[in-house]
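In what follows, a structure is listed as structure tokens, so that the remarks can point back to it.
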Amino acid sequence: MYEGSCLCGAVAYRLDAEIGKGYFCHCQRCRKASGSAYAANALIAPEAFHITRGEALLSDYHNPETGLIRRFCSQCGSPMVSVRPGTGIMVLRLGSLDTPLEQGPGAHIFVASKAQWDHIHDGLPCFNERPTA
Ligand SMILES: [Zn+2]
Ligand SMILES: [Zn+2]
């Protein structure tokens, strides 16, 4: 249904399900992991996510503080997905998609920790942290 890949093309994936709720995340961890102002993330079903190429090149960064595992291409550094073991939560980095996606994230989260030079102008709802609903 959706296909994506990393910058160098060595790692590719297929998602056999609809993409879930998306957020622009401005937290410090996403800023550092992306090297930019925020990450464009969306929830996906882990059982529908399949690495179709370059699985051996995927590396994991396990953050002991958050328990989150960030998976990225070890060759070019592109972030692909994050997983929270034992919870069934998987988050896709929407910038890695090759299939066009019409509807992007619907909100900004962790805006309380956004970079000072990051100005939000798109009128989407903003949350200081992650909304619980
Ligand atoms: Zn790569
Ligand atoms: Zn974040």
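The values are calculated or read from the model by the stated rules, or taken from the named source; none is laboratory data. Fair warning: this is a prediction, and the values are worked out from it, not measured in the lab. FYI the Cβ positions are ideal-geometry reconstructions off the backbone, even for glycines, and counts take in every protein chain you see. Accessible surface areas use protein heavy atoms only, side chains included; no ligands, DNA or RNA. Shrake-Rupley method; radii C 1.70, N 1.55, O 1.52, S 1.80 Å.
Within segment 54-70, can one find any residue that is buried (at least 20 other Cβ atoms within 10 Å of the Cβ) and either within 13 Å of ligand 2 (Cβ to nearest atom) or of a type outside the set (Asp, Glu) (or both)? Looking for residues that are buried (at least 20 other Cβ atoms within 10 Å of the Cβ) and either within 13 Å of ligand 2 (Cβ to nearest atom) or of a type outside the set (Asp, Glu) (or both), one finds at least one in segment 54-70, hence yes.
Within segment 14-40, track down each residue that is without any contact (Cβ under 8 Å) to a residue 60 or more places away in the chain and in a loop (DSSP other than H, G, I, E, B). 16, 17, 18, 20, 35, 36, listed by residue number. Residue check: residue 50 meets all listed conditions (1) closer than 30 Å to residue 120 by Cα; (2) open to solvent by 50 Å² or more (accessible area, probe 1.4 Å); (3) more than 16 Å from ligand 1 (Cβ to nearest atom) but one, namely (1).
Every test in (1) within 16 Å of ligand 1 (Cβ to nearest atom); (2) exposed (fewer than 12 other Cβ atoms within 10 Å of the Cβ); (3) within 17 Å of residue 95 (Cα to Cα) is passed by residue 33 save one, and that test is (2). Which of the residues that make up segment 117-133 are modelled with pLDDT under 95 and open to solvent by 50 Å² or more (accessible area, probe 1.4 Å)? If the condition is that a residue be modelled with pLDDT under 95 and open to solvent by 50 Å² or more (accessible area, probe 1.4 Å), then 129, 130, 132, 133 are the ones that fit. For segment 1-13, the tally of residues that are assigned to a loop (DSSP other than H, G, I, E, B) and either within 16 Å of residue 111 (Cβ to Cβ) or out of contact with any helix residue (DSSP H, G or I) (no Cβ under 7 Å at 6 or more places or on another chain) (or both) stands at 4. Among residues of segment 74-116 being of a type in the set (Lys, Arg) and over 18 Å from residue 14 (Cβ atoms), the one that is surrounded by the fewest Cβ atoms within 10 Å (Cβ to Cβ) is 84. All conditions but one from (1) assigned to a loop (DSSP other than H, G, I, E, B); (2) under 24 Å from residue 106 (Cβ atoms) apply to residue 64; the one that does not is (2).
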